[in-house]
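**Q** Below you will find the structure I want to go over with you.
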Amino acid sequence: MSRWKGLPAELHPQVRQLIVRLRKLKDRSELSTRQLAAKSGYSARSWQRYLNGGALPPRQAVEAMARIGGDDPTRLLVLHEVAAEHWARGRDAMADAPQDASDTRVTVPTGRQPYGRYPRSLVTAGAVALVLSVSAALLLAVRLTEARAELADVRADAGAAAPATVSESLIPVVYTCRLERRDGRWYAGLSPTTDAILAYTHTGPEVAEAQCLLRRTGIPPGDVDGIFGPKTQHAVERVQARDGLVVDGVIGPHTWKALREAAAK
């Protein structure tokens, strides 16, 4: 079992319950954070933030953890939805906290006052306005920094931990399979890899290479577009079941060997 450090005390119980459940699933899988990154498409540093209460994991990450840990994704996603509501409320409360300074009242003289008191009241009002402006600017800077840090975490280990993943701005690419056999193994001319870890939502020429090899064996993976989608995952699982491999829908060294050495059906 992993030895986890304590979660932040300010976490809501529902958020804490979700993180504890995710920790148990990681322990059950016996995977390191880098292995977890390879199977889920989220970087190792992102998983460290999620599992230590530093950031709320996105819905897709929770679903991936359920699949990897063998848990019911429906129940886990319901727990994530409840935790997300409390997480958002906690952020909103933090955002509203600096606004409490607006309760400070500045007394504006209504009658005739001796010369010299008006400048003092104006200075006080200006100081209060300045404090509010600085507080709002600092809050905005902190939230922008957090967002950028999380985005950097997702991208930082993309080259080392896993191939790229599908994004909203992804432009579809159609690859051409150029099959040839060398030293008893089949290659499609898109990637010579034999050990790259590919999983659901990964993209790139390695995925297209696997799709070409799947198509050669007679198991259709869908379009050869370099996108590891549901059809490709289902085709990989069929190959794994046929060859007596672990059926997890993830392409690793053993599945690559089966694809490159398989006879055409």
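The values are calculated or read from the model by the stated rules, or taken from the named source; none is laboratory data. Computed from a prediction, not measured in an experiment: that's the story for all the values here. All Cβ positions, glycine included, derive from the backbone under ideal geometry; neighbour counts span all protein chains shown.
**Q** Check Val239, Val247, Val207 and return the single one that is farther than 23 Å from Met65 by Cβ and of a type outside the set (Gly, Ala, Ser).
**A** From the options Val239, Val247, Val207, the qualifying one is Val239.
**Q** Since Pro8 meets every condition but one in (1) in a helix (DSSP H, G or I); (2) at pLDDT 85 or above, which condition does it not meet?
**A** Evaluating Pro8 over (1) in a helix (DSSP H, G or I); (2) at pLDDT 85 or above leaves (1) as the failure.
**Q** Quick check on my filter: what residues within the stretch 18-53 are of a type in the set (Gly, Ala, Ser) and in contact (Cβ under 8 Å) with a residue 40 or more places away in the chain?
**A** Answer for the stretch 18-53, where residues must be of a type in the set (Gly, Ala, Ser) and in contact (Cβ under 8 Å) with a residue 40 or more places away in the chain: Ser29, Ala37, Ala38, Ser40, Gly41, Ser43, Ala44, Ser46, Gly53.
**Q** Now for a separate question. Among the listed residues Leu7, Leu11, Leu18, Leu31, identify the single one that is over 12 Å from the mean Cα position of the chain (by Cα), among the aliphatic types (A, V, I, L, M) and under 25 Å from Gln233 (Cβ atoms).
**A** Numbers: Leu7 fails: under 25 Å from Gln233 (Cβ atoms); Leu11 fails: under 25 Å from Gln233 (Cβ atoms); Leu18 fails: under 25 Å from Gln233 (Cβ atoms).
After applying the criteria, what remains is Leu31.
**Q** Could you tell me which residue of the stretch 211-251 is farthest from Leu36 (Cα to Cα), considering only residues that are of a type in the set (A, V, I, L, M) and under 27 Å from the mean Cα position of the chain (by Cα)?
**A** Val224
Listed here are the residues, each with its yes/no results for (1) of a type outside the set (Gly, Ala, Ser); (2) touching a residue at least 40 places away in the same chain (Cβ under 8 Å).
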{"residue": "Val174", "(1), (2)": "yes, yes"}
{"residue": "Asp183", "(1), (2)": "yes, no"}
{"residue": "Pro192", "(1), (2)": "yes, no"}
{"residue": "Ile197", "(1), (2)": "yes, yes"}
{"residue": "Thr201", "(1), (2)": "yes, yes"}
{"residue": "Leu213", "(1), (2)": "yes, yes"}
{"residue": "Gly218", "(1), (2)": "no, yes"}
{"residue": "Gln240", "(1), (2)": "yes, no"}
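**Q** Of the residues that make up the stretch 200-213, is at least one modelled with pLDDT of 90 or more, closer than 16 Å to Ala258 by Cβ and among the aliphatic types (A, V, I, L, M)?
**A** Among the residues of the stretch 200-213, at least one is modelled with pLDDT of 90 or more, closer than 16 Å to Ala258 by Cβ and among the aliphatic types (A, V, I, L, M), which makes the answer yes.
**Q** Another one. I'd like the residue in the stretch 75-101 that is surrounded by 14 or more Cβ atoms within 10 Å (Cβ to Cβ) and at pLDDT below 60 and, out of all such residues, is nearest to the chain's Cα centre (by Cα).
**A** Among those that are surrounded by 14 or more Cβ atoms within 10 Å (Cβ to Cβ) and at pLDDT below 60, it is Ala95.
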